Amino acid sequence: MNKLITLTLLATLGLTACGERYADRTLSGAGIGAAAGTVGTVIGGGNPVTGAIIGGAVGGVVGAVTDPKSINLGKPIWSK
């Protein structure tokens, strides 16, 4: 079960990317936060669902309030 969760989170993390638009930053922050929260609680022996919810909420808020000029990892590879 832990291997499945870890592989799923790594795949999800690979699909997230910071963006220039408000919605892009919010969604990518939530995805990264959910992945980090789940992995952290699995390693710590907690409930991975709770970690994903809390991490996703915190990551989404951080992504929403972040200015694209202060943290910008570039455009996603699929945009031109």
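Summary of values
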read-out: Residue match in segment 61-70 (condition: surrounded by 16 or more Cβ atoms within 10 Å (Cβ to Cβ), outside any loop (DSSP other than H, G, I, E, B) and modelled with pLDDT of 65 or more); value: yes
read-out: Residue check for Thr41: at pLDDT 80 or above and either surrounded by 13 or more Cβ atoms within 10 Å (Cβ to Cβ) or of a type in the set (D, E, K, R) (or both); value: yes
read-out: Given (1) exposed (fewer than 14 other Cβ atoms within 10 Å of the Cβ); (2) of a type in the set (D, E, K, R); (3) at pLDDT 70 or above, index of the condition Asp24 fails; value: (1)
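The values are calculated or read from the model by the stated rules, or taken from the named source; none is laboratory data. Worth saying up front: this structure is predicted, and the values here are computed from it rather than measured. For neighbour counting, all protein chains shown are included, and Cβ atoms are generated from backbone atoms with ideal geometry for every residue, glycine included.
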